[in-house]
Amino acid sequence: EKKLRKSVMKIVTNSLEPGQPKDHKNCTVFDLYKSFANEQKITEFQNQYDDGISWGEAKEILFNAINDELEPIRSKYMDFIKDKNYINDVLSDGSRRARTIAKENILEIREVIGITKIS
């Protein structure tokens, strides 16, 4: 979360002061925000640009939108990290299933190309 905030705050913006209208059409902050917000929120953000939102506030709004989207993923990741047995069990189960499928496919391929066991 700290790295995300730091990255968002480093986005280069122009020198327009708070209170001066901002151009949302040519703005990285606004373009990124559109990927994480619905139409209503995008319109609200555009209005804030027209009203002269400060760059710090605009970046904070972008950070919150991204963070809200990533929070469930981050939470699930932390659950997986805490339960290493679960990860190993899933990998082992997948490996067993993949071996079974591969064995069947190899037998089918051998039969199609005429390589069979000599009895």
Exercise. Which residue out of A37, A98 is among the hydrophobic types (A, V, I, L, M, F, W, C), more than 24 Å from the chain's Cα centre (by Cα) and surrounded by 10 or more Cβ atoms within 10 Å (Cβ to Cβ)?
Worked result: A98
Exercise. If the Cβ limit is 9 Å and pairs must be 6+ apart or interchain, which residue in the stretch 1-20 that is under 14 Å from A58 (Cα atoms) and at pLDDT below 90 pairs with which residue that is among the basic types (K, R) and not in a helix (DSSP H, G or I)?
Worked result: T13/K22; N14/K22; L16/K22
For this session: For the stretch 45-60, enumerate the residues that are closer than 30 Å to S75 by Cα and either surrounded by 12 or more Cβ atoms within 10 Å (Cβ to Cβ) or under 22 Å from the mean Cα position of the chain (by Cα) (or both).
Result: F45, W55, A58, K59, E60
For this session: State yes or no: is K103 open to solvent by 90 Å² or more (accessible area, probe 1.4 Å) and within 24 Å of the chain's Cα centre (by Cα)?
Result: no
Exercise. So which residues in the stretch 1-28 are farther than 28 Å from M78 by Cβ and part of a helix (DSSP H, G or I)?
Worked result: H24, K25, N26, T28
Seminar exercise, completed: Conditions (1) surrounded by 15 or more Cβ atoms within 10 Å (Cβ to Cβ); (2) of a type in the set (F, W, Y); (3) out of contact with any Lys or Arg (no Cβ under 9 Å at 6 or more places or on another chain) -> Y77 fails only (1)
For this session: Determine, yes or no, whether D31 is charged (D, E, K, R) and surrounded by 12 or more Cβ atoms within 10 Å (Cβ to Cβ).
Result: yes
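The values are calculated or read from the model by the stated rules, or taken from the named source; none is laboratory data. The model shown is predicted, which means the values in this text are computed figures rather than measured ones. FYI the Cβ positions are ideal-geometry reconstructions off the backbone, even for glycines, and counts take in every protein chain you see. For the accessible areas, the whole protein counts, side chains as well, though only heavy atoms, and no ligand, DNA or RNA atoms are used. Shrake-Rupley method; radii C 1.70, N 1.55, O 1.52, S 1.80 Å.
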